[in-house]
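Here the structure is laid out as structure tokens; the discussion comes afterwards.
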Amino acid sequence: MPDELPGVADLQILFAQYNFVHFDGEIPTYRIAYNARFSNVAGRITYKPPLIELSPKHLRGKVDELRETLLHEMIHAWLHARGENAGHTPTFKRKMRELGLRSIYHDLGTAAPLNPSTKRYILRCEKCGMEALRKRKPPPHVTCARCRKPLTLFEVVEMREVEPARAAHRRS
């Protein structure tokens, strides 16, 4: 059971409790959900619609990290509700220290994907760096939605595990 994640209803209750205890109930209602697609973030907030998403892959079995991630996203929501800059500002960091949170970053470790990717194509904009994954081969002459420049198409032909970047960097 220690690897289990709280259900979405339990997350909503946690949100309500933390809102009352740590934010004097100032945060409006947000829907709390899991998002299994996250690969490099533990959590994310959107203001319209009001939604906080958490990564089950990175938080499974890590009660403290789940609490910290939810509170982290709630600080963003709290600042937004107050009409303040909701970024990682000095006010944000002050509230983090007040709540006993250590860092705005998580050690995401080496969590394996929950589901192997079926994506076979990578579209990359060389101008703005945007990348998108696709199952099907896109039509020719696809352009970037951000900057309208042509996209470069890569086909994924092999899936293999790679060693962590930190270890590879130390050897060179």
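So, of the residues in the stretch 1-42 that are among the charged types (D, E, K, R) and within 16 Å of the chain's Cα centre (by Cα), which turns out to be surrounded by the fewest Cβ atoms within 10 Å (Cβ to Cβ)? Only one residue tops the list, namely ARG37.
Which of the residues that make up the stretch 128-145 are under 17 Å from VAL157 (Cα atoms), at pLDDT 85 or above and in a strand (DSSP E or B)? Within the stretch 128-145, no residue meets the criteria. Scanning the stretch 36-52 for residues that are closer than 16 Å to HIS72 by Cα and hydrophobic (A, V, I, L, M, F, W, C) turns up VAL41, ALA42, ILE45, LEU51, ILE52.
Pairs linking a residue in the stretch 1-29 that is under 18 Å from LEU101 (Cβ atoms) and polar (S, T, N, Q) to a residue that is buried (at least 16 other Cβ atoms within 10 Å of the Cβ) and at pLDDT 95 or above, with Cβ atoms under 6 Å and 6 or more positions apart or on different chains, are ASN19/ILE27.
Being among the β-branched types (Val, Ile, Thr) and either in a loop (DSSP other than H, G, I, E, B) or touching an Asp or Glu at 6+ places or on another chain (Cβ under 8 Å) (or both) is a description that applies to THR91. Within the stretch 117-154, the residues that satisfy the criterion of being among the hydrophobic types (A, V, I, L, M, F, W, C) and free of Cβ contacts under 8 Å to residues at least 24 places away in the same chain are CYS128, MET130, ALA132, LEU133, VAL142, CYS144, ALA145, CYS147. Restricting the first residue to the stretch 80-101 and requiring it to be touching a residue at least 60 places away in the same chain (Cβ under 8 Å), which pairs with a second residue that is among the aliphatic types (A, V, I, L, M) and part of a helix (DSSP H, G or I) meet a Cβ separation below 7 Å and a spacing of at least six or different chains? From residues that are touching a residue at least 60 places away in the same chain (Cβ under 8 Å), the pairs are LEU99/LEU71.
Table: residues versus (1) within 30 Å of ARG134 (Cα to Cα); (2) in a helix (DSSP H, G or I); (3) not small (Gly, Ala, Ser).
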{"position": "HIS22", "(1), (2), (3)": "no, yes, yes"}
{"position": "ILE27", "(1), (2), (3)": "no, no, yes"}
{"position": "ILE32", "(1), (2), (3)": "yes, no, yes"}
{"position": "ALA36", "(1), (2), (3)": "yes, no, no"}
{"position": "VAL41", "(1), (2), (3)": "yes, no, yes"}
{"position": "ILE52", "(1), (2), (3)": "yes, no, yes"}
{"position": "ASN85", "(1), (2), (3)": "no, no, yes"}
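The values are calculated or read from the model by the stated rules, or taken from the named source; none is laboratory data. No experiment lies behind these values; they were computed from the predicted model shown. Cβ sites come from the backbone with ideal geometry, for glycine too, and all protein chains shown count toward neighbours.
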